[in-house]
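The values are calculated or read from the model by the stated rules, or taken from the named source; none is laboratory data. Since the model is a prediction, treat every value here as computed from it, not as a measurement. Here Cβ is always computed from backbone atoms with ideal geometry, including for glycine, and neighbour counts include all displayed protein chains.
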Amino acid sequence: MSFSITKHGEVVVVDVEGQLIVGNRQELKQKVLDELEKGERKFLIDFTRTGYIDSSGLGVLVSLSKKIREQGGELRLANLNDDLKTLFELTKLDTLFQIADTRERGLQSF
Amino acid sequence: MRVVIELDVPNDVRNIERIVELVSRQIRELDFPARACSLNVPVALSEALSNAMLRGNRDDHSKHVHLRALVDHAALVLEITDEGGGFDLDRCTRDPTTPENVVREDGRGLYLMHRLMDRVERYTDGGNVVRLTLKRP
C-alpha cells in the first residue's frame, strides 16, 4: 500500500493506493494522527485506488473516526467501489461513516 | 481440472498480500466469478492468514503457516494451518453489527470469513486448521 496526503482548502485528503490490510494499516493510522497532531480537523479518505480492506483495515478506520471526533474533527470516506461497499454493508460500518460517491461530494459535505 | 497450491509461509503478516494475490490470480485463471476473485477470497483468506500468524502462531517469526488451496470444477477449498493449540470457532465468532459492537475496532474477522465463504470449519490435524470453502455458482 502507498498513500498520498494533499490539502484541499481545510480538508486533508488521503488517497489510499493498494490494499488496506493488517500489514500496513498502522502506517495509515500514524500518518493521519500526525496530521491531527498538527491541528488538522477535516479528513477525507479516498479509496479510488484501493482493492480490498480486511478487518484490521476497517478497525483502523473506526479508530481514526473516534480519535478525530474526540478532537472535534470529522472524517469522511469517498469512492468506495462495489466490493468495498459490500464490506461496509456487511459489517454495518456504512451506518457509522459518512460515505460519498465522489471526492467532490466528499469535500462538499464538510 | 484440479489445481493444488501448497505453501509454507514464514510467519510475517507482510507476506499475506502476495499469497492472496497468488491464490486470487489462480482462481481468476480458472474462471471463478469476478467478485469471488476480488472480494470473497482476498478478504477471507487475508483474515485466516492474519489470525493464523498473529493468534495461532502468536506473531512468532520463527513459526510458519501452511496453506493448501485446492481448486476444481466444484469449489475452492483453502486450508490454513498454524502451530497453535486451536480455538473454539463458534465462541470466538461474534456479531460486529450490533450497536455495541459496530463501534469496536476489532471483532470482524471471523464474521467476514463466514459471510464471504460458503463454509468455515476448524479442526486439529498436526496443527490448528481453518478450512474455507467457496463453491462455484
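Structure data summary
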quantity	calculated
Test: residue in the range A:32-45 that is at pLDDT 95 or above, within 23 Å of B:N101 (Cβ to Cβ) and not in a helix (DSSP H, G or I)	yes
Criterion: in contact (Cβ under 8 Å) with a residue 12 or more places away in the chain and assigned to a strand (DSSP E or B) - qualifying residue of A:V60, A:V16, A:V22	A:V16
Residue tally, condition of a type in the set (D, E, K, R), more than 9 Å from chain A (Cβ to nearest Cβ) and on the phi < 0 side of the Ramachandran plot, over the range B:22-60	5
Condition met for B:G86 (more than 18 Å from B:E17 (Cβ to Cβ), modelled with pLDDT under 95 and in contact with a Ser or Thr (Cβ under 6 Å, 6 or more places away or on another chain))	yes
Lone unmet requirement of (1) over 20 Å from B:D125 (Cβ atoms); (2) more than 12 Å from chain A (Cβ to nearest Cβ); (3) not small (G, A, S) for B:D106	(2)
Cβ pairs under 7 Å, 6+ apart, first in the range B:124-135 and more than 13 Å from B:I27 (Cβ to Cβ), second modelled with pLDDT under 95 and of a type in the set (G, A, S)	B:T124/B:G86; B:N128/B:G84; B:N128/B:G85; B:N128/B:G86
